[in-house]
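One structure below.
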Amino acid sequence: MRMIVIKPVWFIALLQTVHQATCQQCQQETVGDLTWPKASGGENVTVQCGGAGEAIRLCKSSGIWHSDTNYTGCTSQVLEDLYIRTWNASSNVTTLEEISRELAVKTNGGGIFYSGQLAQCVQILQVILNAGALNTLSGTVDTTVADSLIKNVLDAADNLLNAELFASMWSNIHQYKDGELFLTFLQDLEGFGENVTSYLIRVNHQPLKLSFMQTTNFKSIYEVLLDTSIDVSHGFPSPFTTNVTIPRSVLSSSPSDPAKNISIATLVFASTVRELFPNQTHNSRILVDAQNISSLFVSCNIYPQPTTPFQDFVEIRTPNENVLPNSTCSYLQYNDTESVWKKDLKLCEKPIFHIEDKTVTCKCKHLTTFAVIGSYNTRGVLPNGILVSMVFYLVIIAATFCLVLYANRNFDSDRASLVLCFLATLFTGHLTLVTGIYAIDNKDACRAVALLLYYFQLSYSFWMLAQSVQLVLKVTYKTVETGTVAQFCALGWITPLFVVASMAGLDLEPYGRGNHCAIPLSNGVIFALIVPITLIGCTNFVCLFYAFYCIYRLKKTDRKCLAQMNIILPNIRACLIIIPLEIIEWAFTSLSIDFEFTVFDVLWALSVFIMGIFVFLFYGIGSSEVVVEYEKHFGPCCWQHKKSSAVHDSPRPGWRDEISQISQFREASSIMRDMDSIATVTGNGAVAGCSGVNNGGLEPDDVLARGKELNEPTGLTSSSLTSSFMLKTKLKVFPLRKNHNDQPAKNHHQDNPR
């Protein structure tokens, strides 16, 4: 056999071939003024920028350059020197005015090439905004320099907010450098308005209105009000078409001059600012979707800032591009990158859209930076899978209700009556959920749906508690007799009504706000639902386990009553099964509606399907009333077939009559013993039960003939009379059989005397 020997040189060449095949290389490429050399796959390549600093780009393992390049390291020495000058100037108004003028020119197109240089400009402007130079000026100073400083600062800010020039650079900053830089810049710009209006008060300045209307990306008004007899209204012409109305009740006197009113600072940002927010497709530290912002940014402030909410609403009307589903008036949270836009469900009304002129109105009881936030991806309707499960569930509940209603059509069973009330509540509550959960277009209707869902969820729990309490009463007093259900109706329907009314009276705002018509899990009001459900659920389980314990004790103490008490066992099992299923179904419903995750949708649909089946099994065909009704018409149920099959196969003639007589005789004897026990109980404290004492020698015939007389003086319940009448009836309908052999013999004796 011949062996193949691979020389080392050929082995190395083979490895190189495999390496080249599995690890590609990026070819040399020129982008803008930067040339990227050839690089191996998976390598981060650094290239010197045109000014100072370095740009970084990834060569992917597939041998293709990454589409995004990190330009945040590309800086400018000129801007670095300008930043040092700004920092050293402190609060020198003249120096800061010069720096702000240079910055306005530098940012006016053509002077900024990389995102790193844009970040330098923003940092310089932030130092000026926070320097507090305007706060050092007094009424005797020449305001020309200060006015020029304000103008230059606003011009520079307007340039930096120009999406047409710097949108891609801002995106690069969000992705590679600092996602919070944009938020802190907007926050500092908003705070600068307070400094401006404070300065206007101190120097008794005229309103700064017209001189700053030339900016492109936002418009601004700063003024000191002298008349509080009317509401303050600021309007801006097209293309901003924005109007801000501040009620006079919000205004107060200036702390420095009580004769003057509060100072107003209004900044209206253009729609281009929206495009500067980071996109979720990039690796940004700010979790926000720019697609969800449909209106302009409107930033309003008054000086000094109130510490409590306003009594009246501030009204802001601004252009709105699209009417997005589930839109809310929201405000910007500068210090929370996990949730930049906060839905103001308490101090803001739902937005009012004006289709005719494509504007939207927000009414809020505080001032800050507002925008209308919607959700393109919010479903607005129930998914098809959940809708099918809910329809199946409603059909099953309706079928179970009809089945129990037919079995209890005379309303003889209080257990079945409570089940009917519970099923009716389940059906109505889930029908309200299906038809109204996304009725968000009408605020009042949505709020009504939210309150109804809150009420029905509590009502489910209270009806389960009613069933548990009823079962405990039955096993405690050892009776299955029908009682009133009025008190249980009060527990199941009236008690949750008081709870909901009390909570809504304390705070009505959270109901029917946001993306759906239900209490949001993120709102504190949800604990007004969770806490009662938890307490009621625990109480239910305690009651049901106690009922099981009582029936278990009957096996040892009173076996005579055990057969009678076994009738309520199906109801106990039904409650033990349905209670946790109902809680699980509510939990998945809330999670699916709030978070709209597919996994929660699947779990919700599955829990609804399972609960519908178990309700039908335990409250429907497994109910003792339904079983009795079935046996009445069709004979023993299928699971009792084996039990009676031995008798069913007996070939002896006349066996049915004899068995009937024997069973009726035994039942009559049992009832007679019960009446024996009852007859000797004296006083008004006797309780209907299954066990008793000796009757004192009364004969059965006396008991049958004088049943009413015996029961009345002893204070017995109607159960004894019922037993007596039933016994009489049974003895009449099923008389004891006579001996067939005696009758012919007797007749024969009479006919043939000896």
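The values are calculated or read from the model by the stated rules, or taken from the named source; none is laboratory data. All of these numbers come straight from a predicted model, not from anything done at the bench. Reconstructed Cβ throughout: ideal geometry from the backbone, glycine too, with neighbour counts over all protein chains shown. Just the protein is used for accessible areas: all its heavy atoms, side chains included, with ligands, DNA and RNA removed. Shrake-Rupley method; radii C 1.70, N 1.55, O 1.52, S 1.80 Å.
Per-structure values
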item: Strands (runs of 3 or more DSSP E) within the range 307-395 that include 3 or more residues open to solvent by less than 30 Å² (accessible area, probe 1.4 Å) and touching a helix residue (DSSP H, G or I) at 6+ places or on another chain (Cβ under 8 Å); result: 369-373
item: Selection count where residues are assigned to a helix (DSSP H, G or I) and small (Gly, Ala, Ser), scope the range 115-137; result: 4
item: Lone unmet requirement of (1) within 17 Å of Leu458 (Cα to Cα); (2) of a type in the set (A, V, I, L, M, F, W, C); (3) crowded, with 17+ Cβ neighbours inside 10 Å for Val531; result: (3)
item: From the options Lys560, Lys555, residue that is in contact (Cβ under 8 Å) with a residue 12 or more places away in the chain, open to solvent by 20 Å² or more (accessible area, probe 1.4 Å) and either among the charged types (D, E, K, R) or touching a strand residue (DSSP E or B) at 6+ places or on another chain (Cβ under 6 Å) (or both); result: Lys560
item: Qualifying residue in the range 31-40 (condition: crowded, with 16+ Cβ neighbours inside 10 Å and of a type in the set (Lys, Arg)); result: no
item: Flag if Gly235 is open to solvent by 10 Å² or more (accessible area, probe 1.4 Å), under 30 Å from Lys358 (Cα atoms), at pLDDT below 85 and not β-branched (Val, Ile, Thr); result: yes
item: Exclusive hit being touching a Pro at 6+ places or on another chain (Cβ under 6 Å) and of a type outside the set (Ser, Thr, Tyr), set Cys329, Cys348; result: Cys329
item: Members of the range 342-372 found to be within 26 Å of the chain's Cα centre (by Cα) and among the basic types (Lys, Arg), listed by number; result: Lys342, Lys343, Lys346, Lys350, Lys363, Lys365
item: Residue under evaluation Thr86, criteria (1) modelled with pLDDT of 90 or more; (2) open to solvent by 70 Å² or more (accessible area, probe 1.4 Å), criterion not met; result: (2)
item: Number of positions in the range 538-586 that are more than 20 Å from Lys474 (Cβ to Cβ) and at pLDDT below 90; result: 0
item: Single residue of Glu582, Glu596 found to be within 22 Å of Gly492 (Cα to Cα) and of a type in the set (Asp, Glu); result: Glu582
item: Subset tally (residues that are of a type outside the set (Phe, Trp, Tyr) and closer than 15 Å to Val122 by Cα) for the range 78-95; result: 8
item: Ala399 vs. criteria of a type in the set (A, V, I, L, M), within 24 Å of Ile567 (Cα to Cα), touching a residue at least 40 places away in the same chain (Cβ under 8 Å) and surrounded by fewer than 20 Cβ atoms within 10 Å (Cβ to Cβ); result: yes
item: Index of the failed condition, Lys151 passing every other in (1) within 30 Å of Asn70 (Cβ to Cβ); (2) over 46 Å from the mean Cα position of the chain (by Cα); (3) open to solvent by 50 Å² or more (accessible area, probe 1.4 Å); (4) touching a residue at least 24 places away in the same chain (Cβ under 8 Å); result: (1)
item: Test set (1) under 38 Å from the mean Cα position of the chain (by Cα); (2) open to solvent by 50 Å² or more (accessible area, probe 1.4 Å) - Leu569 fails condition number; result: (2)
item: Enumeration of residues in the range 49-74 that are within 15 Å of Phe113 (Cβ to Cβ) and modelled with pLDDT of 85 or more; result: Cys49, Gly53, Glu54, Ala55, Thr69, Asn70, Tyr71, Thr72, Gly73, Cys74
